[in-house]
Amino acid sequence: MSQSNVIHVAGRGATRDELFARAETISADLAQRAAELDREGRPPLGEIVKLKNAGLLNALHPLSLGGGGLDWLDGLKLVRILARGESSIGQLLGYHFVNSQYIDWAIDDRARAQALASETVARNLYWGAAVNPRDPGLVLTKRGNGYVLNGKKSFSTAARISDYINANATLDGKIASFAIPTDRPGYIANDDWDNIGQRLSDSGSVEFRDFPVYEEDLIGEPAAEGAEPSVLASFNTPLIQLVFVNFYIGTAEGALNQALGYVRDTTRPWVTSGVERAQDDPYILERAGEFTASLKASAALADVAALAVQNALARGRNVTARERGEAAAEAYAAKVHATNVSLDITSRVFELTGARSTADSYRFDRYWRNVRTHTLHDPVFYKAREVGEFVLNDKIPAVSLYS
């Protein structure tokens, strides 16, 4: 059972300005503690509670339900803000946004989708997922009037902090998708996430042992393996890719912010620089300007892509595969750019700060470790290829949980 769902929560229905101000405050606090948090690498239970208390988990839900009523462009900016303070927390907020909104796109029964959304806001639930298509692992078996779920997923982001998850499993040769609370018996989140980066993302393995699943948990009818979802339900992929884009950018922005602060306070000018302060060194100034320009360009591209996906998504069940594909190509172009820029900047900020900044107490390497770990999630050269196919051959990206 997630420990995060036993906390009393306040702060729903905040305005846009309030949500952004709260995100900035949380991000600043995370930046102060991030080195120690990275060193400990524990599940971020307290950090998720802060997001709940700030109303950030419900930022995208409609005002009529008590949510923030924000659009995806603003929601992704919140991801970017939090990632400046701690990359994993930005990732976790973005994953929750996609996983909690997915039910509205995938469930045809509007009354049930509305009920789940209302429960999510009322109880301030955090949504995770266990759907990695390269790690099938789960089997659903009919038992009595319901089902039992058994198996293991090697990676499940937010494994121990999730209150609800989207999952899929094989059922009689087909793929069944369902949404389930994690407080039922038989859900086991293992403490085995020890990767070099995203150490607070709680991305260890999960096991299901005779976990009960009921008919009302299912999202639609089980489908043949490889069957494409409805166009609307497939928007989870370009949007999760935009989550990646924005927390990569936010992580690099955080790295640059920390580096600039270190230059002002600690870095000494080079002996032949001819200046008295490091911040007047012409080469440091050049690097700072170069990195800033690259990040501004990447953020602008991310916002353009977010608008494209948001506008296509707004067509609801009338959206076409072509419209979805054109928007996805925008998202994937932003993914290529953000990946390259974030890896470059997080590895090169040391050119600003100098040798002393490599001390373990600063852990400035965590920014690179975070983006290096997650950018391997799906190879960026495949995203570049999809963009190339679109611009050169007018071929929209194939629909999958990666594209």
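Looking at the structure I just gave you, is residue 254 at pLDDT 95 or above, farther than 23 Å from residue 383 by Cα and either surrounded by 23 or more Cβ atoms within 10 Å (Cβ to Cβ) or out of contact with any Leu (no Cβ under 6 Å at 6 or more places or on another chain) (or both)? Spelling it out, residue 254 is indeed at pLDDT 95 or above, farther than 23 Å from residue 383 by Cα and either surrounded by 23 or more Cβ atoms within 10 Å (Cβ to Cβ) or out of contact with any Leu (no Cβ under 6 Å at 6 or more places or on another chain) (or both). Residue pairs whose Cβ atoms lie under 6 Å apart, sitting 6 or more positions apart in sequence or on different chains, and linking a residue in region 380-401 that is within 26 Å of residue 175 (Cα to Cα) to a partner that is among the acidic types (Asp, Glu), are 397/386; 399/228. Residues in region 212-233 include none that are aliphatic (A, V, I, L, M), surrounded by fewer than 24 Cβ atoms within 10 Å (Cβ to Cβ) and closer than 24 Å to residue 26 by Cβ.
Residue 359 falls short on exactly one of the conditions (1) in contact (Cβ under 8 Å) with a residue 12 or more places away in the chain; (2) within 30 Å of residue 280 (Cα to Cα); (3) surrounded by fewer than 19 Cβ atoms within 10 Å (Cβ to Cβ), and that condition is (1). Inclusion of residue 253 among residues that are among the acidic types (Asp, Glu), touching a helix residue (DSSP H, G or I) at 6+ places or on another chain (Cβ under 9 Å) and more than 24 Å from residue 120 (Cβ to Cβ) is warranted.
Every listed requirement among (1) out of contact with any Lys or Arg (no Cβ under 7 Å at 6 or more places or on another chain); (2) in the same structural domain as residue 338 (by TED's automatic domain parsing); (3) crowded, with 23+ Cβ neighbours inside 10 Å is met by residue 201 save one, (2).
Against the criterion of being charged (D, E, K, R) and assigned to a loop (DSSP other than H, G, I, E, B), residue 356 does not qualify. Among the candidates 158, 106, 129, 189, which residue alone is crowded, with 22+ Cβ neighbours inside 10 Å, of a type in the set (A, V, I, L, M, F, W, C) and in contact (Cβ under 8 Å) with a residue 40 or more places away in the chain? Matching residue, one of 158, 106, 129, 189: 158. Flag: residue 382 matches the condition of being more than 30 Å from residue 354 (Cα to Cα) and in the same structural domain as residue 346 (by TED's automatic domain parsing). Applying the selection to region 37-69, what residues are surrounded by fewer than 21 Cβ atoms within 10 Å (Cβ to Cβ) and charged (D, E, K, R)? Of everything in region 37-69, those that are surrounded by fewer than 21 Cβ atoms within 10 Å (Cβ to Cβ) and charged (D, E, K, R) turn out to be 39, 40, 42, 50. Across region 184-206, the number of residues qualifying as within 22 Å of the chain's Cα centre (by Cα) and part of a loop (DSSP other than H, G, I, E, B) comes to 16. Scanning region 323-342 for residues that are of a type outside the set (D, E, K, R) and surrounded by fewer than 19 Cβ atoms within 10 Å (Cβ to Cβ) gives a single hit, 340. Determine if region 81-96 includes at least one residue that is of a type outside the set (Phe, Trp, Tyr), over 22 Å from residue 366 (Cα atoms) and either crowded, with 24+ Cβ neighbours inside 10 Å or touching a residue at least 12 places away in the same chain (Cβ under 8 Å) (or both). Yes.
Scanning region 211-266 for residues that are in contact with a strand residue (DSSP E or B) (Cβ under 9 Å, 6 or more places away or on another chain) and free of Cβ contacts under 8 Å to residues at least 24 places away in the same chain, we see that the one that is nearest to residue 286 (Cα to Cα) is 226. Here 268, 209 are screened, and the one residue that is among the basic types (Lys, Arg), outside any helix (DSSP H, G or I) and modelled with pLDDT of 95 or more is 209.
The values are calculated or read from the model by the stated rules, or taken from the named source; none is laboratory data. Since we're looking at a predicted model, the values are computed, not measured. Cβ: placed from backbone, ideal geometry, glycine included. Neighbour counts: every protein chain shown.
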